[in-house]
1. Compare the peptides 144-154, 160-170, 309-319 by average per-residue count of other Cβ atoms within 10 angstrom and give them in order, highest first.
2. What is the calculated FRET efficiency for residue 245 to residue 123, with r their C-beta to C-beta distance and R₀ = 25 Å, to the nearest 0.05?
3. Percent antiparallel among DSSP beta bridges with both residues in the stretch 7-230, to the nearest 5?
4. On the principal axes of its Cα set, how long, how wide and how thick is the stretch 362-480? Give whole Å, largest value first.
5. At residue 100 and residue 265, where each label point lies 7 Å from the Cα along Cα→Cβ, what is the point-to-point distance in nanometres?
6. Measure off 7 Å from each Cα along the Cα-to-Cβ vector at residue 169 and residue 74, then give the distance between these two points in nanometres to one decimal.
7. List the relative contact order of the chain as a percent without decimals, with contacts defined as Cα pairs under 8 Å and 6+ residues apart.
8. How big is the dipole moment of the chain about its Cα centre under a simple scheme where the beta carbon of each Lys and Arg is +1, that of each Asp and Glu is -1, and everything else is neutral? Debye, nearest 20, please.
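Values quoted throughout were computed directly from the atomic coordinates according to the rules given, and no laboratory measurement underlies them. All values derive from a computational prediction rather than experimental measurement. A quick note on method: Cβ atoms are made from the backbone with ideal geometry, for glycine too, and the neighbour counts reach across all protein chains shown.
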Amino acid sequence: MSASGLAVVILAAGQGTRMKSAKAKVLHTIAGVPLVGHVLATAEELGAAHILVVVRHERDAVAAAVTEQNPNAIIIDQDEIPGTGRAVEVALGGLPEGFDGPVVVLSADVPLLDAATLRALVSAHRHEANALTILSAKLDNPSGFGRIIRSADGHFEAIVEHKDATSEQLAVTEVNAGVYVFEAGRLRSALAGIGTDNAQREKYLTDAAAGIRASGGRIEAVPVSDHWLVAGINDRVQLGDAARELNARIVRGWQLAGVTIHDPASTWIDLKTTLAEDVEILPGTQLKGATVVGRGSVIGPDTTLVDCEIGENATVKRTDGTLAVIGDGASVGPFAYLRPGTYLDADGKIGTFVETKNTRIGRGSKVPHLSYIGDTEVGEYSNVGAGTITANYDGVNKHRTVVGSHVRSGSHNVFVAPVRIGDGAYTGAGTVVRKDVPAGSLAINVAPQRNMAGWVEANRAGTAAAKAAAEASAGEPNQA
């Protein structure tokens, strides 16, 4: 039985000790996606019929991340025999019996490699009927990498590891990028002949090249000019470098798509974020997760949005938001905190130093200043006065506040939930609303104000306040 198509093996079993992390190296993220997720996405875009991911270190966490992104990926557990060669060998056991298509081998810590590059590599492999096609790169500083040695006529001869290279070979700048396309049958035979008789006691995948060449298989190396495509991540410095490079490419892509980005260096945009034409991004902005921004909206400066949906022609300034929805023409900030479940409808406003959570604010309604609005529903064209608090928690349970349409609440109100403010109602400044306010009513807390004449001079004698009061009293006309 013959099985064709393309198989991709992703090596994700390594510990990555240089990351100095309790988390598996391949689960560290750039542009909002784990390293292994970037490689999975590339394999998917390549159109692989079979995707196999070899795991070992932090096995369950890595497998869960892989399955969450691609439930059809096959998880392969590497056994006690170490080495990349053994990892590929056990992966081959997960392919359908008789599989004879090309096998692409990728590393889970090389996140910037794209499907177009791999597609060209596979095409060259098939067109030239190679047994093995190697992706290579030319580096200004090839130190530490295995060198690609070519014959006088330019054909592949060998991979020589840095520690084994002669001075002449060390001068070679073309290196092995660790990306391969194998003919399946040749790969199986070569791996069967590889042992662990080396300093690391590992089964090296690079040794398969020697076995294939010895058996008469054709091998070629295809260089890429963009070294970032094959940049591996081994420590936090390289992680940061790759993150900056990928972000620069994402930002440039959105600029070319019609987005104005004032300061690319201080703007970070995740891969899953979507921006419409004529969006304007001001400095210090982070757009993370599956955030969507509609046409004509202005975001920033100094704003972080995570999994938010922003409509058209909205303004979001100096705001921290997560899982919030902002309608067309709405205004948010500065210094607003949007917690999950915030919905601001069209032309609404969440203003300065306002925190919202699990709240819907209707069309044209405003919460302009210094307020906490949680577990609340506000109708249309209402104004919530400065310093308002919805007291939604009684120590055991959360309760909701409902504010109707065309309501005008006074400054420094407390709405003690559960409570309902009817349409068109008013509340006075400083009011604590403990019971429902009928539509069209005015709610106030009546507390007469007392002015105790002479209190300062009697009780704060000798102070600046007492002196000022005495001078003011002396200057007042006599009251007949």
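1. The packing order, highest mean first, is 309-319, 144-154, 160-170.
2. On the way: r = 26 Å, r/R0 = 1.04.
Efficiency at R0 = 25 Å is approximately 0.45.
3. Numbers: 18 of 40 bridges.
If I count the DSSP bridges inside the stretch 7-230, around 45 percent turn out antiparallel.
4. 54, 35, 24
5. Rounded to a tenth, the inter-label distance reads 5.8 nm.
6. 3.5
7. 8
8. 1340
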